[in-house]
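Each reported figure results from applying straightforward, stated rules to the coordinates on display, with no laboratory input. In this text the structure is predicted, and so the values were computed from the model without any measurement. Cβ placement follows ideal geometry from the backbone for every residue including glycine, while neighbour counts extend to all protein chains displayed.
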Amino acid sequence: MVDIQPYKTGFLQKLGLSLSALGLLILAVTLFGVEFENNGLLLTVSLLSIFVGTSIYAIKTYISLPAGIKNHGIWFNSLTSKGLLGWITAVILTGFYVVLYWFPEYLGQGVKGAANTNLIALFNPLSDLFTGKPATQWFVYGTLYTLIITTLGIKFILKYRHNRYQIIRTIVVIIAQLFLAYLIPNIMEGLNSDKAYFAMDIKYFWPLNYYFFNDWHLNNMVHGGSLGMVYLVWGIIGFLVITPFLTYYFGKRWYCSWVCGCGGLAETAGDPFRHLSDKSVRAWKIERYLIYGILLLITLITLVVLYGYFSGSSTFLGLDIYTYFTHPYGFLIGAAFSGVVGVGFYPILGSRVWCRFGCPMAAYMGIIQRFKSRFRITTNGGQCISCGNCSTYCEMGIDVRAYAQKGENIVRASCVGCGICSAVCPRGVLKLENGKLEGRIGKTFSYKK
Amino acid sequence: MKHIVIIGNGISGITAARNIRKKNDNRITVISEESPFFFSRTALMYVFMGHMKFEHTQPYENDFWEKNKIDLLHDTVLKVDPNQKSVLLKTGKSLQYDDLIIATGSKSNKFGWPGQDLDGVQGLYHKQDLEKLTKSYKTIKRAVIVGGGLIGIELAEMLLSKNIEVTMLVREKSFWNGVLPNEESAMINELIKLHHIDLQLNTELIEIKDSGTGKVKSIVTSKNEEIECQLVGLTVGVTPNIDFLKDSGIEIERGVLVNEFLETNVANVYAIGDCAQHRTPTGGRKPIEQVWYTGRIMGETVANSICGNRSDYQPGIWFNSAKFFDVEYQTYGWVWAKPKENEATFFWKSKNEFKSLRLIYDKIGNHILGVNVFGIRLRHEVFDQWIQEKKNIEYVIDNLKTANFDPEFFKHHEAEIKNQFDKSTVCNLI
Ligand SMILES: Cc1cc2nc3c(=O)[nH]c(=O)nc-3n(C[C@H](O)[C@H](O)[C@H](O)COP(=O)(O)OP(=O)(O)OC[C@H]3O[C@@H](n4cnc5c(N)ncnc54)[C@H](O)[C@@H]3O)c2cc1C
Ligand code: SF4
Ligand code: SF4
């Protein structure tokens with residue numbers, strides 16, 4: 001048994017924090033024009049410091065506490081309760097995304113053939129290693145994204161180490177990001193470097209990958225050799241067969257909280273903010289209009305794009321397809337919603353704003369989950385004491401308690417199956433399950449004879 | 001249209017109000033001064049520890065009440081006059097009713113200790129207790145908690161989360177030993193000590209000393225030890241909150257006396273929840289039940305009766321749950337601290353985790369009577385059915401897995417449990 005220590009920041013934790021601060025500092029100073037002799041070395045030092053420092057901090061912090069739910073002080077901490085620190089973080093994150101999407105030259109992205117500078121240049125050696133090409137803002141973003149999911153994923157595992165569902169799920173999240181979304185695509189990009197770009201993350205299906213059917217992307221796959229053809233076929237099977245099939249058996253969680261990159265970030269980096277989601281009925285209404293609206297939108301746009309592709313026309317009803325269809329979607333939904341609002345606003349709106357209000361993939365799977373899936377959250381008879389922990393910590397803003405206190409199963413389109421409601425419930429009321437379709441919805445148990 | 005007045009906006013009063021509203025359009029007024037809206041008392045600890053904000057303890061949105069035409073009156077009832085069918089309020093007004101539901105809950109016990117009204121002595125029941133503690137905790141270095149029950153352990157966990165040193169005085173020889181059998185009780189003792197709580201068993205409070213300014217300075221125990229402290233938490237149980245009914249003509253004892261239909265001796269007056277005392281309790285239950293779900297069931301039952309379908313209180317087979325720090329506890333059926341004549345016991349305990357399972361079964365009929373479980377979640381529905389259908393103990397052991405309610409991928413112990421059971425029955429045969 002562990003010897004339980006009081007909640008204090010000791011030497012090791014401070015060391016860990018300093019180390020990861022050092023790593024961040026290296027990244028930060030490049031933004032202000034500081035240049036290094038040996039970018040490869042500095043980048044290694046920086047990324048390693050962040051990884052090791054944060055891990056030391058997390059290990060020391062959580063191992064000295066007994067295994068169990070660790071939510072003390074969440075609503076008193078300025079960072080995690082929409083206090084000043086929360087707002088500052090939101091502004092910085094939002095700013096980062098705005099620059100990343102629309103002003104990458106401020107990060108040092110070389111434009112019009114110019115060499116990279118600043119932060120992007122720091123990543124050149126790593127990019128060179130993979131593909132033999134200099135880094136781009138997307139390479140830098142992908143690398144940092146993967147680092148964050150890995151590092152904070154380890155922290156998450158330690159935090160929920162009493163819960164094997166959380167441990168296994170998070171290991172899969174890390175592997176999916178590290179290998180499927182980052183290493184493999186980058187390595188293949190290197191092997192295939194004579195061909196034009198197409199998305200090589202095997203789980204990045206349409207409609208989350210909204211440009212899958214865009215003419216340039218289709219062309220790049222079609223002309224991308226046998227690999228390109230494999231990706232084309234796989235992508236179509238992925239959204240037509242694999243997605244409905246797995247969602248029927250396991251609910252949308254197989255994607256949203258197990259392998260998805262957006263979900264992966266929300267579950268790890270977003271974990272300290274999950275309770276900030278809006279639980280009101282009003283928010284639920286907005287959610288339904290927005291998310292299905294966006295699913296409809298991307299479906300229509302994709303049909304237009306396909307029409308253009310097969311008819312060889314660049315206009316639809318006299319409107320230019322790029323200017324009036326694909327570009328606005330990419331700008332408004334692909335960038336502004338999923339990135340700037342989706343992640344930038346973590347500390348204000350919670351960690352799953354994009355997944356809940358915007359993601360068309362989630363909408364698509366949500367319909368299956370709601371109407372034809374074996375997945376549900378079962379309520380344990382009459383044990384609920386209406387305490388509200390489950391609803392508070394549901395990142396999707398589902399009022400879990402409203403079902404639990406009636407002894408009713410929770411079958412909701414938006415539930416991503418993160419399992420946190422079940423983890424935080426102090427009375428053992430909730431269980432994520434796959435089971436028979438009949439009797440899935442509605443009341444399950446009556447304590448009266 | 002009838003006017004139904006409900007005193008108390010806790011789980012029982014509010015369940016009654018909601019269920020009456022579902023059935024008809026009568027005027028409903030709920031009176032309470034504790035909080036503007038219904039909240040979950042069971043979550044007070046989580047608010048203090050920063051897991052939730054107070055608003056999260058409210059299961060319904062604030063406009064729910066107006067939408068459902070349930071009038072909320074922020075007041076306290078001073079007197080009930082059954083002859084006039086009226087209640088007198090603190091603000092001086094009085095209110096006529098056609099049906100009256102008393103759902104006033106409990107209040108913390110105080111046993112007349114010297115110094116029990118000093119500043120720094122408090123219980124944990126009402127929202128106001130939480131507010132008091134939230135104001136005072138920063139100046140507290142050591143707290144003494146008197147009484148070893150479920151609220152006591154919650155208070156201990158709350159104070160520990162603020163790095164306050166805690167002493168617990170427990171009258172029994174082991175924690176909650178009036179309810180828990182020795183092995184489970186010993187396990188919780190161990191858990192308490194692991195959290196660096198100074199657990200003093202076989203010890204009672206004798207007196208609370210004044211610092212000279214009306215504040216707590218220290219306490220003296222039955223072992224004649226004086227412990228300096230700035231807070232004394234009195235968690236020695238709760239009693240029905242019914243003083244205002246004295247001399248009203250409504251018959252009371254420790255609680256408001258009710259029959260199986262939750263009717264008092266006075267027509268059109270009902271009592272439900274923590275404050276009700278059943279004249280003829282059933283199913284081995286106590287006359288006064290101070291748990292969440294019984295309040296809820298009584299609320300549903302009384303709503304039926306008032307809406308013309310006279311119903312008796314049928315809580316079914318006993319169950320309950322709690323959490324001791326990180327260790328969850330559930331129970332179904334009856335498990336007494338000491339087994340009764342006819343009861344046999346099977347007990348399994350994990351070697352290195354706070355997990356245990358106790359099955360109680362009939363010595364002759366061999367059928368399952370109850371279960372106590374720590375650190376493993378069990379399905380209510382399954383055990384309820386097994387106990388009702390009197391499944392025999394071998395069946396229960398063989399099918400334990402169907403009753404498991406732990407999250408997916410959790411470690412299973414059924415095989416180990418069965419192994420031990422098989423060994424123990426072999427021993428019995430020899
Ligand atoms: C800290 C704590 C933790 C608990 N944890 C659990 C648990 O885990 N599981 C469990 O089953 N139970 C638990 N309980 C017990 C459970 O909360 C009670 O059994 C339940 O709240 C009783 O509900 P009630 O509606 O009968 O009364 P209450 O909730 O007490 O509501 C009664 C209301 O009536 C008001 N009132 C009283 N007198 C008057 C008057 N004269 N005029 C107007 N209003 C009045 C009171 O202010 C109060 O608001 C816990 C209790 C506490 C205090
Ligand atoms: S309902 Fe539970 S499992 Fe589903 S998203 Fe909310 S917290 Fe996660
Ligand atoms: S956390 Fe558990 S006990 Fe609390 S409201 Fe949710 S289901 Fe009920």
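Tabulated data for the structure shown
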{"read-out": "The stretch B:121-236, relative contact order in percent, only Cα pairs under 8 angstrom and at least six apart counted", "value": "34"}
{"read-out": "³J(HN,Hα) computed for each position of the stretch A:92-108 - Karplus, 6.51 cos²θ - 1.76 cosθ + 1.60, integer Hz, glycine/proline x", "value": "4, 4, 4, x, 4, 5, 4, 5, 4, 7, 10, 10, x, 4, 5, 8, x"}
{"read-out": "Qualifying lysines (Cα of each under 28 Å from Cα of residue A:14; at least 8 residues distant if same chain)", "value": "A:60, A:70, A:82, A:155, A:159, B:138, B:141, B:162"}
{"read-out": "FRET efficiency for residue B:86 and residue B:119, using Cβ-Cβ distance with R0 set to 35 Å, rounded to 0.05", "value": "0.40"}
{"read-out": "Per-residue Cβ neighbour rank within 10 angstrom, fewest leading, A:303, B:160, B:378", "value": "A:303, B:160, B:378"}
{"read-out": "Phi-based couplings in Hz for the stretch B:366-373 (Karplus 6.51, -1.76, 1.60; Gly and Pro marked x)", "value": "6, 8, 6, 10, x, 9, 10, 9"}
{"read-out": "Magnitude of the charge dipole, the stretch B:201-357, Cβ model with Lys/Arg +1 and Asp/Glu -1, debye to 20", "value": "400"}
{"read-out": "Amide H contacts under 5 Å for residue A:36, placed H, 5+ residues apart", "value": "none"}
{"read-out": "Residue A:37 versus residue B:111: modelled label distance in nm, points set 7 Å from Cα along the beta carbon direction", "value": "7.8"}
{"read-out": "Percent RCO, i.e. relative contact order, over chain B, from Cα pairs under 8 Å lying at least 6 residues apart", "value": "14"}
{"read-out": "Anisotropy class of the stretch B:1-129 from Cα gyration tensor, a/c 1.5 cut", "value": "oblate"}
{"read-out": "Label point at residue B:225 placed 7 Å out along Cα→Cβ; residues across the stretch B:169-186 whose backbone nitrogen lies under 11 Å", "value": "B:169-170"}
{"read-out": "In range of the label at residue B:55: residues from the stretch A:71-97 whose backbone nitrogen is under 13 Å from the point 7 Å along Cα→Cβ", "value": "A:82"}
{"read-out": "Low-density loop cleavage sites - chymotrypsin sites (Phe, Trp or Tyr not before Pro) in the stretch B:31-112, where at most 12 other Cβ are within 10 Å (DSSP)", "value": "B:111"}
{"read-out": "5 angstrom amide H check on residue B:311, placed H, neighbours 5+ away", "value": "B:305"}
{"read-out": "Ranking of A:168, B:364, B:219 by count of other Cβ atoms within 10 Å, fewest first", "value": "B:364, A:168, B:219"}
{"read-out": "Inter-site label distance for residue B:261 and residue A:282 at 7 Å from Cα along Cβ, in nm", "value": "4.5"}
{"read-out": "Antiparallel content of DSSP bridges confined to chain B, in %, to 5", "value": "60"}
{"read-out": "For the protein assembly as shown: rounded, prolate or oblate by the Cα gyration tensor [a/c cutoff 1.5]", "value": "prolate"}
{"read-out": "Computed helical MRE - 222 nm, chain A, DSSP H runs ≥ 4 contributing -39500 (n - 2.57), nearest 500", "value": "-15500 deg cm²/dmol"}
{"read-out": "Antiparallel bridges, percent of DSSP beta bridges restricted to the protein assembly as shown (to nearest 5)", "value": "60"}
{"read-out": "At R0 = 56 Å, FRET efficiency that the Cβ-Cβ distance of residue A:311 and residue A:24 yields, to 0.05", "value": "0.65"}
{"read-out": "Expected 222 nm ellipticity per residue - DSSP helices of 4 or more, -39500 (n - 2.57), all of chain B, to 500", "value": "-7000 deg cm²/dmol"}
{"read-out": "Cα gyration tensor shape of chain B, rounded if a/c is under 1.5, else prolate or oblate by comparing a/b with b/c", "value": "oblate"}
{"read-out": "Size of electric dipole in the protein assembly as shown: Cβ of Lys, Arg +1 and of Asp, Glu -1, about Cα centre, debye, nearest 20", "value": "800"}
{"read-out": "Chain A: relative contact order in percent, alpha carbon pairs under 8 Å with at least 6 residues between", "value": "15"}
{"read-out": "Range in chain A, longest, excluding exposed GluC sites (Glu not before Pro) [loop by DSSP; at most 12 other beta-carbon atoms within 10 Å]", "value": "A:38-437"}
{"read-out": "Whole-Å distance, taken between Cα centres, linking the stretch B:369-399 and the stretch A:120-157", "value": "52"}
{"read-out": "Ranked B:405, B:347, A:331, criterion: other C-beta atoms within 10 Å, fewest first", "value": "A:331, B:347, B:405"}
{"read-out": "Given charges at Cβ of Lys, Arg, Asp, Glu: chain B dipole, positive-most of B:280, B:95, B:196", "value": "B:95"}
{"read-out": "Note, ³J(HN,Hα) from phi for the stretch B:254-266, Karplus 6.51, -1.76, 1.60, rounded to Hz, x at Gly and Pro", "value": "6, x, 7, 6, 9, 8, 5, 8, 6, 8, 8, 5, 9"}
{"read-out": "Estimated inter-spin distance, residue B:215 and residue B:93, nm [label 7 Å along Cα→Cβ]", "value": "4.1"}
{"read-out": "R0 of 51 Å, Cβ-Cβ distance residue A:63-residue A:223: FRET efficiency to nearest 0.05", "value": "0.45"}
